[in-house]
Structure formats: C-alpha cells, structure tokens
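Working notes, beginning with the structure itself.
The values are calculated or read from the model by the stated rules, or taken from the named source; none is laboratory data. Quick caveat, the model's predicted, so the values are computed rather than measured. Methodologically, a virtual Cβ is constructed for each residue, glycine included, from the backbone with ideal geometry; neighbour enumeration extends over all protein chains shown. To get the accessible areas, we keep the full protein, side chains included, count just its heavy atoms, and leave off ligands, DNA and RNA. Shrake-Rupley method; radii C 1.70, N 1.55, O 1.52, S 1.80 Å.
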Amino acid sequence: MNHFTHSGSLHEEPSIREIAHAKLARRAAAEGIVLLKNEGILPLAESASIAILGCGADKTVKGGIGSGDVNNRRNISIYEGMKAAGAKIVSKDWIADYQKRYDDARETWKEKILEDAKHVDNVFDAYAKNPFSFPEGRAVDENDISDATVAVYVISRISGEGKDRRRAKGDYYLSEREQEDILYLNHKNLPLILILNSGGPVELTDILEEASNIKAILTISQPGQEGGHAVADVLFGKTSPGGRLTSTWARRYEDYPYSEAYSYLNGNLEKEEYKEGIYVGYRYFDSIGIEPLFTFGYGLSYTTFTTEYKDLRITEQGFEVSVVVQNSGEMYEARDVVQVYMTPPQNGNAKEYQRLIGFAKTSLLRPKEIETLTIEVEQKQIAGFSEEKHGWIIEKGFYGIWVGENARTSKLIAVLHVPENVLIEENQAVCPKKAEFEDLGAVEHAKNLYKQWISLAEEDDIPFFLYTPKREERKSFHSPIAKEKTVEELIPLLYGNITQGASTLGSAGIRVPGSAGETSEALEEKYGKRSLIMADGPAGLRLRQRYDVDRKTDTVYRVGVLGALENGCLEEAVQYEGADTYYQYCTAFPVGTALAQTWDLELMEKFGRAIACEMEEFHVDLWLAPGMNIQRNPLCGRNFEYYSEDPFLSGVLAAAVTRGVQSNGNSGVTIKHFACNNQEDNRMGVDACVSERALREIYFRGFEIAVKKSAPVSIMTSYNLINGVHAANSRDLCTVVVREEWGFEGTIMSDWNTTVPEDGSEPWKCAAAGNDIIMPGNTNDDADIRDAYEKGLLSEREIRSCAGRIIAMIDKLAK
Ligand code: BGC
C-alpha cells in the first residue's frame, strides 16, 4: 500500500526544490575546495584574460561512476562557470577542438562496452571494467594562449566501483599530453593555476619541480553539478577556499605503506594483507617521518588566521579545549578549521605518533573578527585497542594535546597525565586472523619524536592536567523478535523484493524507477507492511532521470542495467506512444570526499536534510549512504565516495549527515560498506587480512562513532571477506561488534548480489550472522534459507530476530 502511484513529476521544468538544492550544492562544492598552493596569484582580478585548458576544462567531472553516480539534469563545467562569472576566456578554439575528441572517444567507449556486455553474465561488469578515460587534447599552442595573462589547467579523472585506479599515466600520473602542455606553458612563462578534478590524488611532485610557473593548485575533488560555478566563486574571490585535505598526498606513490602490494599491483587479488596495521595515512607518514607533498588537514585560505589557546577543561566524557581564532588578514572574510591532535606516550602498545581527536570550523570571519571555539574530545579518542587485554585501554603516561591548522603545524598546548593504565572497555575477541603475517609494530621515529615533544613541554611550561579515565558505559541493545507470523511467512523478509524481469545491481527497484532495490512486499497484502524503497548515494539520490508510463495499462516501461547508467547514454531512448513521461530530477551534490573536505558538520547536516527532502519527494525510504570506508590507498576506485583516511573524521561527518537525513523521522541512512571495502578489483572475493587492533582502531571506528552518535537506521555489509569470512556471513561483525558492543538497534543488509555462487557469501549464513536482509534477493536465497531452516542449521529464533528488526524498521519508516 504505497502512498503514491508514480514517483516524480509530469512537469519537466526545475522545481523550487531543485533550484534551492543547486544553491546548496554550489556552496558545498566551494566549501570543499582545497587551496594547496597560492603564490600571490589568487584570487584573480576580473580583468584577467584566461586560457582555460586541460581535459576537465569543459568536461569537468561532477562525480564518480557506478552506484555512486547521480542522474541529475545538467552539470556546470569550469569553462561554463567561468563564462557565467564574466571571465575573459581566450582558449575557445582549444575547448571546441576538445569537444570533438571527447565525442569520438565517448562513441568508441560506448561501442566497447556494448560489445563486452555481450560476453559477460552481468552487463554491469562490462561497464565497471571500462571506466571512461579522457582522450588526449590537442597540444596547446600560441593561439590558445595569445593575450592570456594566466592559464587555468584542469586535470580530471574518473573512477568507480568494480575497478581500482591505475598506477599509470593519465590516471595516478599525469598523461604525456598534460605534462607537455604544462611544460609548454612554463616555457612561455605563463602563470598557471592547476585544478585537480579527481576523486583522489594525482602525483604532482615532478611537475612541481619542473614547472615554476605553477603558481596555484586547487583540488576540487569531484564537486557535483554546480562545480564550475563553485570554482569561479573561488577563483574570483567571491568565496575564500575553506576546504582541508582529508587524506595525505604523498610525494611518491611508493611512500604510501606497502603500496607495491596494493590490489592488482602484486598480482594477488585473492588476499590483501594489511601489514601497516594501524599506521594508515598520516598515522604512517608522521610516525615513520616521511614528508608528504601535502599533509592531512592541509589547506590554505585567502586570508590568515591566528589561533590562541584559551583553556582545557576536564569533563564527564573526556575534556574540552577552547581556542580563540582571529582572521588576522586585511581583505578577505573566510572560515578556518581548527584541528586538535593527540600525541600518545610511546610505551606499552605500539602507537602512532599522532592522531586527530577533534576539530571545529569557524563561522565566516571578517578581517580582524574573533571567535571562540570549544572543541569536545571524548576519552575514547585517546584510547587504543589491546588485543592482549581484549579491550580499549588508556595507557599510563603523558598525552600531548596539539592545536593548529593541520597535522604538521599544530602547536602543543597542554599535556594530560594519566597515572595508571585504565581498561575503559572490555570486548570479545573477534575476526581472528587465519594466518600470521608481519604487522608493522613500534616505530623508532615516533619514539624519538615523543622524547622531543615531552622535553619541549617541560621547557615551555606547557600546562599539565591530571586525567583519570573512566569505564565506558555500554548501551544495552534490544532486538525485537517477530512473534506473530509463521516462519514461512517471515522468510521472504530476509531478502529483497524479487520481481520478475527486474534488472540487478543498483537498479532493481520497481516502484521508483532507478532505485536500487526494495525490501520484501510479502507482508503487504495480509499485514499491511509495505516494502521499503532504497536508492543509492552518497552524492545525492540515484534514480532514473525520466521514465515512461503507458497511459492505458498504467505500467512503467522498464530499462535494463545499461539503460539505468549515466542518464541512459548507453541505450537509445525509445519514444513510446500513448505514454506519460515522469521526471525525477535529483541533485548531484559533491562526492563524499569533496563534502568531507569542508570539515563542516553543520553543512553536512544540512546536506543530509536536503537528501531527506528529495527522498520524500521521490518516495525513497532508505538512502544507501554515507559511504565510509577508509581511504587506505589512493588507488581504490571508490575513494571518491568515502570521506577520509581518518576514522574519527569519517565517523563524525557520517553522523552529521545521518542526523540530517533522519531528522524527518521517516527517512533512513545505510552506512556502508562494513567493513574493509578498500579495494575494487575482485571486491567480492578479496580476503582482507587485518589485525583485530587495526580493525577496531581504523576500519570499524568510523562506523562505531556513526552508530553511537546518530543511530543510523541501517548498515550495509561489504562484499569482501575479513580474515577468511565474508562480511555478510560474519556474526562477529553483524552481531557481536555492532549490536552487542555498540548497541546498534537497526537492520543490516548485504551489498548487492553478495550471494553469487563461488566467491560470494552464503545466504542462510547471512541470517545466522545477523545480516538481516540479502539484497536485492533472488530465488536461490529463498531456497537456501528454507533448506537451512529445515536442516536445523538456521534456527527459528535467528529468523525471527532478523524479521523482527526488519518489521521494526518498516514500522518506523513507513508511517
Ligand atoms: C554497491 C553498493 C550499492 C549497491 C546498490 C553495489 O554494487 O557496492 O554501494 O549501494 O550496489 O546499487
């Protein structure tokens, strides 16, 4: 009994909601732009005469591909955004020439996918294996830059699910043409602003050494549909860039830990050993002493700020730090991000040199304006997980508290003295390793740094505080049990709505075209429990932009998987007679990384509310986002969907978005992919071999924070195995950690088609583990579950528990 006939509108023109959300998307994109370098060139004067060049100039990538894509109305490229801002652009011929090359390359790409699609079981694989890669442009010449006072060179990259980025020219490295063009512009002494439009880093170390004309660098990530306007806002100084990096940009790919063994690089896609343990991202670079090109938390502004430490206060939950921030510049209003780091004692358990434990963003400060910020830190943020003690422990010793603008320039402001080891939380041992491998242990450099800062603390009279940690209270968890109905009636709830002719993977939804799937409708007629509709994210809602309904029969004309991708560009649009066209124009907001780069919790919450508003409009109950895997290595094909290499930052950002989405009481999020979905090549079959400590401190931690701070309605398990067990089949993950330890009361669903034969998870074991729903569901899932129940492998209680949680979710959302 869904309360709508067809989703969307019969009117094609932009609604007020669409216009309002476009504004929010523009603001978010601008807030997420990180200024990495600026040698006095930005902001640009309105009179500047600009050569806009590079593959992304007019083909700016709004977001990555696959389920993270959004089929929005239109995207504003940087070229268009600059034109709209009144920029004087001198490179129109180059742009026109690139259009032709681009169109040809798109045609060849489409043909390849359509051909490959004939030879695979799931046509989505043909698409995922062949992400579009930008053609080379014409070599920049005199005509393109005549009269130019500055060049803006845009480097764009596309990646998506099912395939990791390549450590090759044109992807992680500059293409030959990009390199030649930049060197040519250098030779011509034309000042250059480099814009990176990519879901993650592109290595710039060599070009920065060779081309001294690169006066500014901006990373805009993949900024959503309004990206071009946002870039113009920043380049012309309408907005001062307020973004900060959420991952480390290394000088060399080799500088990332164990990077030569990542994904396909060592030829082993079956097994990924997380040998770096807890030393991920800046935790590794700072502990080992490797200088990155741009550090975690880094980002410049058009103004300068001063940050004065005010005080530290011990609180019930931990402590809080107050600082006074002043915009110390003369001209530009801007926002600052104040970051708080902790340096732990280097005794007992091996520890990283430092860790982000808190942050806050100022409001827009006018020149000379002052703001006091108070940043709360919960005690668990300074704890570590001890495998020996099976719990979280705050070890005795001195903990430095640092405040500043990024991981490298922060200042020591206080020292906490913990007199005794305190086990703040005891846990069960989970996810045991199947085979031992060498894990990076204590690091000498971190120990030396500890000695240095401790003597600095003494010399500089840094205030010491006695800190006595407390036991954490565990939230009890309550799982509803479906009592009334028969087991046979309940079993269909344990997988998604199987409907004849439904396409799979990301477009299995029936009622809302282009949605990803639905919960079962088995209880609908008899018990009035309708199915819930799910649509992808995290950069917006992924639905079909338009669809047709036969007027006589009132049935929706369906499209296959290919038709649902990239606005249907892979399939010829059919004109149906006697049909009504419905429009579902959703907003393409910036991708996860771009949003995260704002470090703006209020904005994240507001973004969440905007998502909820679109969910209501299009009758979507569950949003399959935020994506919150850790950016463990820069080549992961889906890093753009994720927030950060840091679990704390990921967790609090996801919690803010969740609060926003769930604020209306009938929309739910699905935080995903729990856990260790850190590689895309062989994502269904790869076994992530990880120590329990790294799991708890790095790969689970963000999820833990989101669960505890915002009670997400749902969690999606990942495809991969963790220490030999598929996430969806892991009782440790789905029941012990998430429910018994964190008190999670929502439902858990699998990722799409996780129960594929051979390398997938087993259907009945999903239910036994506490992974309540298998999505999108198939007849084999049903048969397998019934068979296991009859054989006594799966108990009635287990089935009733999963069903009870699903019914509770339906009651909550389908009001
Ligand atoms: C992706 C998920 C997504 C699902 C439904 C899968 O391929 O991994 O992130 O939510 O499809 O589209």
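Got at least one residue in the stretch 185-205 being touching a residue at least 60 places away in the same chain (Cβ under 8 Å), over 20 Å from Trp94 (Cα atoms), open to solvent by 10 Å² or more (accessible area, probe 1.4 Å) and in a helix (DSSP H, G or I)? The answer is no; no qualifying residue exists. Condition check: surrounded by 24 or more Cβ atoms within 10 Å (Cβ to Cβ) and closer than 25 Å to Leu265 by Cβ. Does Cys636 satisfy that? Here the answer is yes, as Cys636 does meet what is asked. Being open to solvent by 10 Å² or more (accessible area, probe 1.4 Å), in contact with a helix residue (DSSP H, G or I) (Cβ under 9 Å, 6 or more places away or on another chain) and within 16 Å of the ligand (Cβ to nearest atom) holds for only one residue in Gly537, Gly560, Gly592, Gly568, and it is Gly560. Within the set Glu388, Glu425, Glu371, the sole residue that is out of contact with any Ser or Thr (no Cβ under 7 Å at 6 or more places or on another chain) and in a strand (DSSP E or B) turns out to be Glu425.
Is it fair to say Lys59 is outside any helix (DSSP H, G or I), open to solvent by 20 Å² or more (accessible area, probe 1.4 Å) and within 17 Å of Ile195 (Cβ to Cβ)?
Values: outside any helix (DSSP H, G or I): yes; open to solvent by 20 Å² or more (accessible area, probe 1.4 Å): yes; within 17 Å of Ile195 (Cβ to Cβ): yes.
Yes, satisfied.
Residues of the stretch 511-534 that are within 22 Å of Cys569 (Cβ to Cβ), of a type outside the set (Ser, Thr, Tyr) and within 12 Å of the ligand (Cβ to nearest atom): Gly514, Ala516. Within the stretch 356-398, being touching a helix residue (DSSP H, G or I) at 6+ places or on another chain (Cβ under 7 Å), open to solvent by less than 50 Å² (accessible area, probe 1.4 Å), within 26 Å of Gly289 (Cα to Cα) and not small (Gly, Ala, Ser) holds for Leu356, Ile357, Gln381, Phe385, Ile394.
The rows are residues; the columns are (1) away from the ligand (no atom under 14 Å from the Cβ); (2) acidic (Asp, Glu); (3) assigned to a loop (DSSP other than H, G, I, E, B); (4) open to solvent by 10 Å² or more (accessible area, probe 1.4 Å).
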| site | (1), (2), (3), (4) |
| --- | --- |
| Ile611 | yes, no, no, no |
| Phe648 | yes, no, no, yes |
| His673 | no, no, no, no |
| Asn678 | no, no, yes, no |
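Got a number for residues in the stretch 139-172 being within 16 Å of the ligand (Cβ to nearest atom) and of a type outside the set (Asp, Glu)? Count: 4.
Ser750 fulfils the conditions (1) more than 15 Å from the ligand (Cβ to nearest atom); (2) among the small types (Gly, Ala, Ser); (3) within 19 Å of Gly537 (Cβ to Cβ); (4) open to solvent by less than 10 Å² (accessible area, probe 1.4 Å) except for a single criterion, (1).
For the stretch 720-734, indicate whether the set of residues that are among the hydroxyl-bearing types (Ser, Thr, Tyr) and either surrounded by fewer than 24 Cβ atoms within 10 Å (Cβ to Cβ) or within 16 Å of the ligand (Cβ to nearest atom) (or both) is non-empty.
No: the stretch 720-734 contains no residue that is among the hydroxyl-bearing types (Ser, Thr, Tyr) and either surrounded by fewer than 24 Cβ atoms within 10 Å (Cβ to Cβ) or within 16 Å of the ligand (Cβ to nearest atom) (or both).
In the stretch 544-575, how many are of a type in the set (A, V, I, L, M, F, W, C) and either in the same structural domain as Asp116 (by the TED database) or more than 23 Å from Arg73 (Cβ to Cβ) (or both)? The number of residues fulfilling the criteria is 0. Within the group Ile393, Ile375, Ile382, which residue is assigned by the TED database to the domain that holds Ala429, over 26 Å from the mean Cα position of the chain (by Cα) and hydrophobic (A, V, I, L, M, F, W, C)? Step by step, each of Ile393, Ile375, Ile382 is checked, and only Ile393 is assigned by the TED database to the domain that holds Ala429, over 26 Å from the mean Cα position of the chain (by Cα) and hydrophobic (A, V, I, L, M, F, W, C). Would a scan of the stretch 782-799 turn up a residue that is under 23 Å from Gly537 (Cβ atoms), open to solvent by 10 Å² or more (accessible area, probe 1.4 Å) and of a type in the set (Lys, Arg)? No; the residues of the stretch 782-799 include none that is under 23 Å from Gly537 (Cβ atoms), open to solvent by 10 Å² or more (accessible area, probe 1.4 Å) and of a type in the set (Lys, Arg).
The test for being more than 16 Å from the ligand (Cβ to nearest atom), of a type in the set (Gly, Ala, Ser) and in contact with a strand residue (DSSP E or B) (Cβ under 7 Å, 6 or more places away or on another chain) does not hold for Gly637. For Cys766, are the conditions met, namely being within 20 Å of Cys734 (Cα to Cα), within 16 Å of the ligand (Cβ to nearest atom), assigned to a helix (DSSP H, G or I) and not β-branched (Val, Ile, Thr)? Yes, satisfied. On the given criteria, is Glu107 more than 16 Å from the ligand (Cβ to nearest atom), free of Cβ contacts under 8 Å to residues at least 12 places away in the same chain and in a helix (DSSP H, G or I)? The answer is yes for Glu107.
Can you confirm whether the stretch 778-794 contains a residue that is within 16 Å of the ligand (Cβ to nearest atom), part of a loop (DSSP other than H, G, I, E, B) and not β-branched (Val, Ile, Thr)? Yes, there is a match, as at least one residue in the stretch 778-794 is within 16 Å of the ligand (Cβ to nearest atom), part of a loop (DSSP other than H, G, I, E, B) and not β-branched (Val, Ile, Thr).
Filtered by the rule that a residue be under 25 Å from Glu176 (Cβ atoms) and open to solvent by 80 Å² or more (accessible area, probe 1.4 Å), the stretch 105-132 gives Glu107, Thr108, Glu111, Lys112, Lys129. Here Phe296 clears all of (1) under 26 Å from Ile33 (Cα atoms); (2) part of a loop (DSSP other than H, G, I, E, B); (3) open to solvent by 10 Å² or more (accessible area, probe 1.4 Å); (4) in contact with a Phe, Trp or Tyr (Cβ under 8 Å, 6 or more places away or on another chain) except the condition numbered (3). Each residue in the stretch 682-696 was checked for being touching a strand residue (DSSP E or B) at 6+ places or on another chain (Cβ under 6 Å), among the charged types (D, E, K, R) and either assigned to a loop (DSSP other than H, G, I, E, B) or crowded, with 24+ Cβ neighbours inside 10 Å (or both), and 1 of them qualify.
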